[in-house]
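The values are calculated or read from the model by the stated rules, or taken from the named source; none is laboratory data. Please read these numbers as outputs of a predicted model, since none were measured by experiment. Heads up, the Cβs are rebuilt from the backbone with ideal geometry, glycines too, and the neighbour counts pull from every protein chain shown.
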């Protein structure tokens, strides 16, 4: 989506905010620190929106004790703001293959994330990365 001139989106991402946490702390209590960073990421996105900017949040809504109820927290933080949640779907077998090819993910990471995904999310749109190119997915999401 960042290859488009219009509309332009700033991106905040779980991975980017995870990088703000030292490895020592992640090894000590991964979900405690990551959960705090994820919530701060949402407030950062809200700040961009307050400045009139489009923001894409790249992350997954996981239900962990540190974040429960995650989806409800997101809705509360963005109450009164324009919020569209896009489902980016990929079959697990293809996710595993892509994780291995990326080299920076564990092979079972997609399986674990799938197990803890929030349920009953109201999506504005859905894309399937096994059926559509990244460009086609971006087009669907932007519309």
### Task
Can you confirm whether the stretch 40-53 contains a residue that is at pLDDT 95 or above, closer than 27 Å to residue 129 by Cα, touching a helix residue (DSSP H, G or I) at 6+ places or on another chain (Cβ under 8 Å) and surrounded by 15 or more Cβ atoms within 10 Å (Cβ to Cβ)?
yes
### Task
Give the residues of the stretch 71-124 that are farther than 26 Å from residue 43 by Cα and touching a strand residue (DSSP E or B) at 6+ places or on another chain (Cβ under 8 Å), sorted by residue number.
90
### Task
Go through the stretch 113-123 and give me each residue that's surrounded by 11 or more Cβ atoms within 10 Å (Cβ to Cβ) and out of contact with any helix residue (DSSP H, G or I) (no Cβ under 8 Å at 6 or more places or on another chain).
113, 116, 117, 123
### Selection from the stretch 62-86 of residues that are under 23 Å from residue 141 (Cβ atoms), surrounded by 13 or more Cβ atoms within 10 Å (Cβ to Cβ) and in contact (Cβ under 8 Å) with a residue 12 or more places away in the chain
62, 70, 71, 73, 74, 77, 78, 85, 86
### Summary
The number of residues in the stretch 90-104 that are exposed (fewer than 15 other Cβ atoms within 10 Å of the Cβ) and either modelled with pLDDT of 90 or more or at negative phi (or both) is 10
### Task
Assess whether residue 45 counts as being within 24 Å of residue 120 (Cα to Cα), in contact with a strand residue (DSSP E or B) (Cβ under 9 Å, 6 or more places away or on another chain) and in contact (Cβ under 8 Å) with a residue 40 or more places away in the chain.
no
